[in-house]
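Visitor: Below you will find the structure I want to go over with you.
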Amino acid sequence: MRYGKEHKQATRQRIIEAAGRRFKRDGIDGSGISTLMTDAGLTNGAFYTHFTSKDDLVATAVSDQLQAQNARIVAQAAPGRAGLEQIVRRYLSAQHRDSSDDGCPSAALLDEIRRCTDPTKQAYTDGVLMVIDGIAARLAPDDPLSVRTKALGAYAMMAGTLQLSRALTDRQLADELLEQGIHNALALLGVEHGHSSPAM
């Protein structure tokens, strides 16, 4: 019995999502095709039905992870300055820090992505710009391109803060770092800091 196109697409998406989680947990280089396919509940033989190579899967998974991050953290935020504070607080929340499998691909994979193939770097660039443009649109709704670099700087600061917070063994220090990161990012974005928004 041959499966239909919808089943093939659902299977492909299952592989992409499982790979995204595994890459963030074990790294791209540390994740072999057999492990990725086992995570998706499939055999190795099924891999090449969906992807031409591991690099093809990496580029697709990186893109998918950034789309998911955008949907979860940026797209749901309110417009304007209130939305900026929501984005920063959701991103730099203890919950986001503690769930790296479902968290930011930048904080988990940036060092490896720089060594990846050009298609993966392009997928990463496109995905990050989608996230950045959502931040820039709230920062300067009339001219988001004018603040794109500032938004990118804030995102870089947030990703670095999240990365460092995940690496610290001192939980209190890690929590304080997240709070300082929120303060720093909001200051960079020119957002009044004072009222608390709900976390993720």
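The values are calculated or read from the model by the stated rules, or taken from the named source; none is laboratory data. Remember, predicted model here, so these are calculated numbers, not experimental data. Neighbour counts run over all protein chains shown; Cβ positions are idealised from the backbone, glycine included. Ligands, DNA and RNA are stripped out before the accessible areas are found, and what is left, the full protein with its side chains, is counted by its heavy atoms. Shrake-Rupley method; radii C 1.70, N 1.55, O 1.52, S 1.80 Å.
Table: residues versus (1) within 14 Å of the chain's Cα centre (by Cα); (2) basic (Lys, Arg); (3) within 16 Å of LEU152 (Cβ to Cβ).
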| site | (1), (2), (3) |
| --- | --- |
| PRO79 | no, no, no |
| ASP102 | yes, no, no |
| ALA123 | yes, no, no |
| ASP126 | yes, no, yes |
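Visitor: Here's a follow-up. Scan the stretch 152-168 for residues that are open to solvent by less than 60 Å² (accessible area, probe 1.4 Å), of a type in the set (A, V, I, L, M) and under 14 Å from the mean Cα position of the chain (by Cα) and report the count.
Guide: Looking only at that region, the number is 3.
Visitor: Quick one: which residue in ARG90, ARG72 is touching a helix residue (DSSP H, G or I) at 6+ places or on another chain (Cβ under 9 Å) and farther than 17 Å from ARG21 by Cα?
Guide: Values: ARG72 fails: farther than 17 Å from ARG21 by Cα.
Sole residue among the options that is touching a helix residue (DSSP H, G or I) at 6+ places or on another chain (Cβ under 9 Å) and farther than 17 Å from ARG21 by Cα: ARG90.
Visitor: Yes or no: the stretch 107-117 includes at least one residue that is open to solvent by 40 Å² or more (accessible area, probe 1.4 Å), touching a helix residue (DSSP H, G or I) at 6+ places or on another chain (Cβ under 6 Å) and not in a helix (DSSP H, G or I).
Guide: Filtering the stretch 107-117 for residues open to solvent by 40 Å² or more (accessible area, probe 1.4 Å) gives 110-111, 114-115, 117.
Add one more test, that the residue is touching a helix residue (DSSP H, G or I) at 6+ places or on another chain (Cβ under 6 Å), and what stays is 117.
This time we only want the ones that are not in a helix (DSSP H, G or I), so: 117.
Yes - at least one qualifying residue is present in the stretch 107-117.
Visitor: Now a separate question. Can you report the number of residues in the stretch 42-83 which are within 22 Å of GLY127 (Cβ to Cβ) and not in a helix (DSSP H, G or I)?
Guide: First pass over the stretch 42-83, keeping only residues within 22 Å of GLY127 (Cβ to Cβ): 50-77, 79, 83.
Narrowing further to those that are not in a helix (DSSP H, G or I): 51-53, 75-77, 79.
The qualifying residues number 7.
Visitor: Which of (1) farther than 22 Å from ALA167 by Cβ; (2) at pLDDT 95 or above is the odd one out, the single condition ARG89 does not satisfy?
Guide: (1)
Visitor: Quick check on the stretch 1-25: of everything there that is surrounded by fewer than 13 Cβ atoms within 10 Å (Cβ to Cβ) and of a type in the set (D, E, K, R), which residue is modelled with the highest pLDDT? Walk me through it before giving the result.
Guide: Step one: list which residues in the stretch 1-25 are surrounded by fewer than 13 Cβ atoms within 10 Å (Cβ to Cβ), which gives 1-7, 9-10.
Of the ones still in play, those that are also of a type in the set (D, E, K, R) are 2, 5-6.
Details: ARG2: 57, LYS5: 80, GLU6: 84.
Residue satisfying both the conditions and the ranking: GLU6.
Visitor: Within the stretch 92-119, which residues are modelled with pLDDT under 95 and among the hydroxyl-bearing types (Ser, Thr, Tyr)?
Guide: Within the stretch 92-119, SER99, SER100, SER106, THR117 qualify.
Visitor: Looking at (1) more than 14 Å from the chain's Cα centre (by Cα); (2) open to solvent by 10 Å² or more (accessible area, probe 1.4 Å); (3) farther than 23 Å from GLN180 by Cβ; (4) at pLDDT 95 or above, which is the one condition that is false for ARG138?
Guide: Checking ARG138 against (1) more than 14 Å from the chain's Cα centre (by Cα); (2) open to solvent by 10 Å² or more (accessible area, probe 1.4 Å); (3) farther than 23 Å from GLN180 by Cβ; (4) at pLDDT 95 or above, the one that fails is (3).
Visitor: Also: Can you go through GLN180, GLN122 and tell me which one is closer than 27 Å to GLY27 by Cβ and either of a type in the set (Ser, Thr, Tyr) or at pLDDT 95 or above (or both)? Break it down into steps so the answer makes sense when it comes.
Guide: Values: GLN180 fails: closer than 27 Å to GLY27 by Cβ.
Answer to the check: GLN122.
Visitor: Still on this structure: Only one of LEU42, LEU36 is within 20 Å of the chain's Cα centre (by Cα) and either within 25 Å of SER106 (Cβ to Cβ) or surrounded by 15 or more Cβ atoms within 10 Å (Cβ to Cβ) (or both); which?
Guide: Of the residues listed, the single one that is within 20 Å of the chain's Cα centre (by Cα) and either within 25 Å of SER106 (Cβ to Cβ) or surrounded by 15 or more Cβ atoms within 10 Å (Cβ to Cβ) (or both) is LEU36.
Visitor: Between ALA123, ALA68, ALA59, which is open to solvent by 20 Å² or more (accessible area, probe 1.4 Å), among the hydrophobic types (A, V, I, L, M, F, W, C) and in contact (Cβ under 8 Å) with a residue 40 or more places away in the chain?
Guide: Details: ALA123 fails: open to solvent by 20 Å² or more (accessible area, probe 1.4 Å); ALA59 fails: open to solvent by 20 Å² or more (accessible area, probe 1.4 Å).
Matching residue, one of ALA123, ALA68, ALA59: ALA68.
Visitor: What are the pairs, 6+ residues apart or on separate chains, where a residue within the stretch 27-52 that is of a type in the set (Ser, Thr, Tyr) has its Cβ under 8 Å from a residue that is part of a helix (DSSP H, G or I) and surrounded by 11 or more Cβ atoms within 10 Å (Cβ to Cβ)?
Guide: SER31/ALA19; SER31/ARG22; SER31/PHE23; SER34/ASN44; THR35/ARG22; THR35/ASP26; THR43/MET37; THR49/LYS8
Visitor: Would it be correct to say that ALA10 is over 29 Å from LYS150 (Cβ atoms), part of a helix (DSSP H, G or I) and not hydroxyl-bearing (Ser, Thr, Tyr)? Steps first, please.
Guide: Numbers: over 29 Å from LYS150 (Cβ atoms): yes; part of a helix (DSSP H, G or I): yes; not hydroxyl-bearing (Ser, Thr, Tyr): yes.
The answer is yes for ALA10.
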